[in-house]
Structures are given as structure tokens and as C-alpha cells.
1. Any chance segment A:6-19 includes a residue that's in contact with a Phe, Trp or Tyr (Cβ under 8 Å, 6 or more places away or on another chain), more than 28 Å from A:Ile210 (Cβ to Cβ) and not hydrophobic (A, V, I, L, M, F, W, C)?
2. Within segment B:2-20, is even one residue among the hydroxyl-bearing types (Ser, Thr, Tyr), within 20 Å of B:Arg161 (Cβ to Cβ) and in contact with a Pro (Cβ under 6 Å, 6 or more places away or on another chain)?
3. Got at least one residue in segment A:182-195 being surrounded by fewer than 21 Cβ atoms within 10 Å (Cβ to Cβ) and among the polar types (S, T, N, Q)?
4. Could you name every one of the strands (runs of 3 or more DSSP E) located completely within segment B:29-123 that has at least 3 residues being over 14 Å from the mean Cα position of the chain (by Cα)?
5. From the residues in segment B:169-205 that are within 12 Å of chain A (Cβ to nearest Cβ) and under 11 Å from the mean Cα position of the chain (by Cα), which one is nearest to B:Arg236 (Cα to Cα)?
6. Any residue at all in segment A:213-230 that is part of a loop (DSSP other than H, G, I, E, B), in contact with an Asp or Glu (Cβ under 6 Å, 6 or more places away or on another chain) and in contact (Cβ under 8 Å) with a residue 60 or more places away in the chain?
7. Which residue pairs have Cβ atoms under 7 Å apart, sit 6 or more places apart or on different chains, and have a first residue in segment A:246-266 that is more than 7 Å from chain B (Cβ to nearest Cβ) and a second that is among the aromatic types (Phe, Trp, Tyr) and crowded, with 22+ Cβ neighbours inside 10 Å?
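The values are calculated or read from the model by the stated rules, or taken from the named source; none is laboratory data. Computed from a prediction, not measured in an experiment: that's the story for all the values here. Because the Cβ atoms are built from the backbone with ideal geometry, glycine has one as well, and the counts that use them run over all protein chains shown.
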Amino acid sequence: MVQARKLVYEYEKRDDEGNVIGMNRAVDGIDIDIRQGQFAAILGHNGSGKSTLAKHMNAILVPTGGTMWVNGRDTKDPRELMHVRQSAGMVFQNPDNQIIGTVVEEDVGFGPENLGVPTDEIWKRVEDSLRAVGMLEYRTHSPNKLSGGQKQRVAIAGVIAMEPRCIVLDEPTAMLDPNGRKEVIRTVQELRKRRNVTVILITHYMEEVIDADQVYVMDSGHIVMKGTPREIFSQVEELKKYRLDVPQVTMLAEELRRRGISLPRGILRREELVDAVDRYACMLKENQS
Amino acid sequence: MSIRLEHINYIYSQGSAYEKHALKDVSLEIPQGQFVGIIGHTGSGKSTLIQHLNGLLIASSGALYYNGQNIYQDKYDMKSLRSQVGLVFQYPEHQLFEVDVFTDVCFGPKNQGLSKQECEIRAKEALELVGFPEKHYSQSPFELSGGQKRRAAIAGVLAMRPKVLVLDEPTAGLDPKGRDDILDQIAQLHGQTGMTVILVSHSMEDIARYVERIIVMNKGTKMLDGAPREVFSHYRELEQVGLAAPQVTYIMHGLKERGIDVRTDATTVEEAAEEISGTLHFLRGHR
């Protein structure tokens, strides 16, 4: 669905007078393969290049080297622009910057209207999309009265109304409270299950990626780690090197191992840890008797 | 230097169609030097609350005492209050505007009417306190990394040498290392200066790790107020108002339910690891 080969993005660094003083490589030779229906997560510290990479996925940026294909189309080709944008929808960090309508349903209808979808079909899509994100009862509300999590769900509805095959979310929960974060992540998961939409999530919250099929870690424009959440989060020290972290549950398991309690590596969920400690305790009790 | 709120009510746009009762009968006292966390979901009143602390918002009713004096009385020196209670807003780096970092940090003390020399002494002191590297002092604030920008913005408030530092989500949008660095720096600052630090955060894990007291806001009222272990023991109630306890609290309860005899009030990874390993080693010792 989203494929990159030797992807490079360079831009000119300029001084105060506008003279070019050098080049900056935000993305430096990246290869990725994200299949239809996959849930891929991209981690990386501020400035690691992950947002620049994301912006290539719906041709907001086009590569200065290498190639990016979305749904098989080369994003560099201007003739494919509409197709690319329709295939991959983007959701950004700040909900207030991406909502334009004065009424929720108007906002969601904006995308398909722009695509030239017939009016009846637009209304159907608006209704379906709002239902899919659990915001149907707010369809006639004003977006600025909604909470952050609700606004992001409206933004997601706006994207899915264009029926993309892929949604790219660039830190969609950074400005939300814990409840809002949960709402958004749950919504995305549901969409993926019901509609087989490809999900690409960029985030600083390690807890949000434990259900991903594939996790990519970026550092200075490169992909430096790649694997399942369990594989990635087993490498605590490596992650710290890249200014990242592991979920608190994984950290606790790690601390316990350091204290001589043998637990498996890469524990991600609370229940998993409770089970593992429970098994260990049972083993101790059996040894006693 | 305590802050005392007595029966504070605040109503936005009173008398209009948008009237909203944002704070309802809030009473609390924060003694000088405390490290306090304020939690609550969006719209719970926490931002409204902190804007009362330096008189940016004036209560609709009730009284607020700073250092024993009612700040709502006639001729109270609000200017002095604002330099003593420093507020760092969300995304404070959006408020950086000067040509270089050092000049930006000098802006606060300059506004207080201090001499150029004194401003510079304070700016330097503030930048050191937040661990801002000297080699970047003359850089444009706009060329800095996210974490450095935020440090510069916090230094701008510290340069006024406040007695109380209020931070609204100081780590929003930062990567995990950036989050830890800023919070460690704030904790260190608190230890060094004896300043009161009031931290508003959405991260229960961060709050549990740093503060000695948590105030939970919900629908404009103070719902809970106490030490972290005490507040997080009410995790079911917290969930009902859109909050939660740190992950480890749930694990401790989970273990307890399985009949492993741990105390359930651990709120940080270290506390939980100590408690669980202690209990397991005790089991082993009984062979």
C-alpha cells in the first residue's frame, strides 16, 4: 500500500538574507513496505524525520531522491496527485487547524465534495463516517464546542469520508487528555478492523503502538529499528539511545528482571505481566512444598 | 508565602448565552515549597484555576490570599503578584519572539524595571537553572529544537525569580527523552530553590513520579486532594471522570486479585518493583 525505496528528502538551509548555506537531509535513504490493512507505527524523537516521511505518504512533500509509491502510484508524478491524495488521508496533531466547517456534517462533507462526489452520495458518506467514529449524534453541532478527542474524531471522519485505503495519523493524540487519547486510538482500531483500512500512526506515546503489526524507529532520517512491538520493546537500552522509552508495563517487567525475577522479555500488557508474575509466584510455592 | 483559596467561584460570560460555571466553591491551600500536581480532563477547570493564582482571572466570588493578603482587596499590587507567581502556559515556545534567546529571557526582568546589568544576571541564572547550553544563548529561538525552545521559554519566567512556578503541560509534544529531561530539570529546580511548583499534566505516570500532592479537578470542583498513593487508590472514581491511575497501580491490584499479597498503593515503577520483588523474595525465603 505504501512503499518507499531509497527515499531521500533534502531541503536548502538559508541564512537571514536568503542565501543557501547548506543542505539538510530530513529523510535519508528509507525503504519501507506497508501492506494493505496493516497497522504500522513510526516512533522517533523530535526532529528524527518521521513527520517529513509521513508528509510523503499523501504527496504534501515529494521525494528529492528515491521513490515513494502509494497504492502503486508514484507520488512524484503530478498526474497521480489526485489518486494519491484520495488513497491516503492525513490527520494532524492539532484538531483546531484541520476543521474548517461551522457545522460538523459540513466539515466531514468537505472532502468528498471536493472530489466531485454526487450530493446524495456525500450525505451517505457523511453519515457513515460519523457513525464509524461514534460522532453521529453531533452532526449538527458546531465543531468548536467539542472536546479535543471529539474534534480529532471529526477530523478522522472527514478523512474516511473520502474513502481512502490508508490513513496516516501524525501525533493525533499529542494535545489530548487521557480520555481523548483512548477515544482516538479506539476509533482508529475499529476502522481498521471493520474497513480493512491501512493505518500508519506516528506517536510519542509508547502505549499506543503495542497493537501495531510493525513498528519502525527513526533517527536522523534513517530507519534504525524495525520489528513487532514485542521485538522493539525488548530492547530498552537501544530505545533510550534514540531518546525513546518503553511502555510502563514493560519497564516494570524489566526492573523485576533486574531484581532477579525471571520473566519473559518484551511484556507489553498489564494482564501479561500479572500472569507472568503469578506463574513465577506459583513456581516458588511449588518449590517450597 | 502560601496561596490560599477560599470558596472561589468563577463564571465565564456571566449573564450571556455562553455562561459557564467553570469553578465551583474551590477552597485549598498550597504552602510555600510544595510540589503539587493538578489533574483533570479537558474542561474540568484546571486551566481556569491556575489563571486565578496570579490574578489573570478574577474570581466571581470568594477570596484568594497570597502571603496572607487578599489579592482582591483595593490597591493590591497585582504587578508584584505576577512577578512572584510565574505562569508557564502550554506550548510556551509560541511566545518566544526576540532576536536571540538571551534577549528573550531578559524581557521579563526588563519589564519589572530592573537595570540592564541585573536583567542579564537573572537571565543567565535562569538559563542555567533550566540547563540551557551557553553556546546557544545568542541563537535565534526559532532555530532551537523543541526541548530547547521550551527550556528557553521556562527560563523567561524564571528570570523574574518567582516564588511560585505554575506549569501548564510543560511536556506536551515532546519526545520521551525530552519529557524526562524537562521534568527532571523542574524537580531539580524545585529542590534547589525551594520554589513552589504547580504542575498541570495529563500524564498520570509523570505526576506520580514527581509530585508530593495531587489535586484532582472535575466539573469545576475539587474532587480529590492528597498524596499520590492516596489519590490513585480512588482509581475507579478517577476512571469515571475520564482519568486513570498510573499503569502500575492496575498491575498491583491485578496481582492482589490473584492472591499475591502485595500492597496496592505503589504509583511508580520503582515502588512497584520493590514491592513485588520483596513479596516474591519473601516467598522464596520460606522454602
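1. Taking every residue of segment A:6-19 in turn, none turns out to be in contact with a Phe, Trp or Tyr (Cβ under 8 Å, 6 or more places away or on another chain), more than 28 Å from A:Ile210 (Cβ to Cβ) and not hydrophobic (A, V, I, L, M, F, W, C).
2. Taking every residue of segment B:2-20 in turn, at least one turns out to be among the hydroxyl-bearing types (Ser, Thr, Tyr), within 20 Å of B:Arg161 (Cβ to Cβ) and in contact with a Pro (Cβ under 6 Å, 6 or more places away or on another chain).
3. Yes, segment A:182-195 has at least one match.
4. B:61-66
5. B:His202
6. The answer is yes; a qualifying residue exists.
7. Every condition considered, the pairs that remain are A:Val246/A:Phe233; A:Pro247/A:Phe233; A:Thr250/A:Phe233; A:Gly266/A:Phe233.
Here's the yes/no breakdown for (1) of a type outside the set (A, V, I, L, M, F, W, C); (2) over 14 Å from A:Gln150 (Cα atoms); (3) not assigned by TED's automatic domain parsing to the domain that holds A:Val168:
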residue	(1), (2), (3)
A:His83	yes, yes, no
A:Ser87	yes, yes, no
A:Met90	no, yes, no
A:Gly109	yes, yes, no
A:Thr119	yes, yes, no
A:Gly134	yes, no, no
